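A short write-up of the structure that comes next.
The values are calculated or read from the model by the stated rules, or taken from the named source; none is laboratory data. For clarity, every value in this text was computed on a predicted model and none was experimentally measured. Here Cβ is always computed from backbone atoms with ideal geometry, including for glycine, and neighbour counts include all displayed protein chains.
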Amino acid sequence: MATNLISTIGARTMGDAEYEAWAAEVRALATARDAVILAHNYQVPEIQDVADFTGDSLYLSRVAAQTEASTILFCGVHFMAETAKILSPNKTVLIPDAAAGCSLADTIDAEQLRAWKAEYPGAVVVAYVNTSAAVKAESDICCTSSNAADVVRSIPEDTEILFLPDQFLGAHVQRVTGRNNMHIWLGECHVHAGISPTDVREKVKAHPNADILVHPECGCTTSVLYLASSGELPADRTKILSTGGMVKAAETTTAPEVLVATEIGILHQMRKVNFRTKFLPMNDKASCRFMKMITPAKVIRALREGLEEVTVAPDIAARARASVEKMIAIGNPSKGGE
Ligand code: 13P
Ligand code: SF4
């Protein structure tokens, strides 16, 4: 029973014929609209498979900045589509459901950031890309999970940093950069915070030969690193990676099993690039309800009706663009970084 359940996580729910018919309609509508389809690694498998580009936040931002298509259909959450609009203000950016938000982005608004900045005059504000356009406009430089450490290293060592909004990513970046003048906002993503040290202990006990891949937003990151350094977890087989970094690691691993601590949508990409290894969720309930608001039916509606269009006020977009452009210039330009 448990094995069957796990094998269906991250798998398509449409049958082959149904998928082919749906995908053909999506492709035809995208061509008619001159649209490029971008999908985040947490989207449902059908949408990942039909997209022109599937990847992590940094990779998709770079594609959005460079595409020649006149329309971008962004299958992901709202801040990702907003970032695409900030980078390509003259293009039409569509999202299949504009209510697809992000609990992490919602932990700080522009007013709260202005108040925090007032407490630390002269500090550089590093905003994770999981933030609203208004928060990006108040920030100096953005980062994603794949280049956060490089972004922090790019700031002079004697300059104080305000890092927001994810506390687990902030703690991870502080650890790898050795930076002690970083102040970290206490935000978290409900999906990743829910992957606990207990989940890790139980799964590692059941799969002792598995490699362990952990997204830095996870609530278990600190304890995973502690357990790895104390010998309770295999340090050489434990890695903290962005979703793009996880797919890259999946391509080359020779491990029989890999335990994956992030949103379960990623398992589809990992299984696509490696049929030999078994990719297992660290917590099979780690599903982002916002990402799953983007459904195959809404993709068709978006392309047919040109809905829902993402807009960003030009003054906010202009201020946010500088920090987002710095972000896409830093770090590994491939499908996913660290
Ligand atoms: P990545 O940048 O690793 O794709 O992560 C985005 C995200 O929303 C994680 O929850
Ligand atoms: Fe936001 Fe968490 Fe969903 Fe990522 S998984 S989009 S951080 S709510």
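Scan region 183-190 and give yes if some residue there is assigned to a helix (DSSP H, G or I) and under 23 Å from Ala100 (Cβ atoms), otherwise no.
Yes, that holds for at least one residue.
Reported count of residues in region 62-78, each being surrounded by fewer than 24 Cβ atoms within 10 Å (Cβ to Cβ) and within 21 Å of Ser146 (Cβ to Cβ), is 6.
The residue list Lys335, Lys298 contains one member that is under 23 Å from the mean Cα position of the chain (by Cα) and at pLDDT 95 or above, which is Lys298. Considering only residues in region 193-209 that are assigned to a loop (DSSP other than H, G, I, E, B) and surrounded by fewer than 23 Cβ atoms within 10 Å (Cβ to Cβ), the one that is nearest to the chain's Cα centre (by Cα) turns out to be Gly194. Residue-level analysis places Arg237 outside the set of residues that are over 19 Å from the mean Cα position of the chain (by Cα) and within 24 Å of Val93 (Cα to Cα). Checked against (1) closer than 22 Å to Gln174 by Cα; (2) surrounded by fewer than 23 Cβ atoms within 10 Å (Cβ to Cβ); (3) small (Gly, Ala, Ser); (4) in contact (Cβ under 8 Å) with a residue 40 or more places away in the chain, Ser287 passes all but a single condition, namely (1).
Confirm whether Lys117 is in contact with a strand residue (DSSP E or B) (Cβ under 9 Å, 6 or more places away or on another chain), buried (at least 19 other Cβ atoms within 10 Å of the Cβ) and not acidic (Asp, Glu). So Lys117 fails the test. So, Ala99, is that one of a type in the set (Gly, Ala, Ser) and either free of Cβ contacts under 8 Å to residues at least 24 places away in the same chain or within 16 Å of ligand 1 (Cβ to nearest atom) (or both) or not? For Ala99, the condition - of a type in the set (Gly, Ala, Ser) and either free of Cβ contacts under 8 Å to residues at least 24 places away in the same chain or within 16 Å of ligand 1 (Cβ to nearest atom) (or both) - is not met. Taking helices (runs of 4 or more DSSP H) as the structural unit, those lying wholly within region 76-173 and holding at least 1 residues that are away from ligand 2 (no atom under 16 Å from the Cβ) and among the charged types (D, E, K, R) correspond to 78-87, 110-119, 148-153. Residues in region 25-45 that are away from ligand 2 (no atom under 16 Å from the Cβ) and outside any helix (DSSP H, G or I) were compared, and the one that is nearest to the chain's Cα centre (by Cα) is Ile37.
Do we have any residue at all in region 54-72 that's modelled with pLDDT of 95 or more, away from ligand 1 (no atom under 16 Å from the Cβ), part of a helix (DSSP H, G or I) and in contact with a strand residue (DSSP E or B) (Cβ under 6 Å, 6 or more places away or on another chain)? Scanning region 54-72, I find no residue that is modelled with pLDDT of 95 or more, away from ligand 1 (no atom under 16 Å from the Cβ), part of a helix (DSSP H, G or I) and in contact with a strand residue (DSSP E or B) (Cβ under 6 Å, 6 or more places away or on another chain), so the answer is no. Summed over region 139-148, the residues that are buried (at least 24 other Cβ atoms within 10 Å of the Cβ) and over 15 Å from the mean Cα position of the chain (by Cα) give a count of 1.
Highlighted here are the helices (runs of 4 or more DSSP H) found entirely within region 241-338 that include at least 3 residues which are within 16 Å of ligand 1 (Cβ to nearest atom) and under 27 Å from Val152 (Cα atoms): 243-252, 314-329. The residue that is nearest to the chain's Cα centre (by Cα), among those in region 211-230 that are assigned to a strand (DSSP E or B) and surrounded by 23 or more Cβ atoms within 10 Å (Cβ to Cβ), is Val214.
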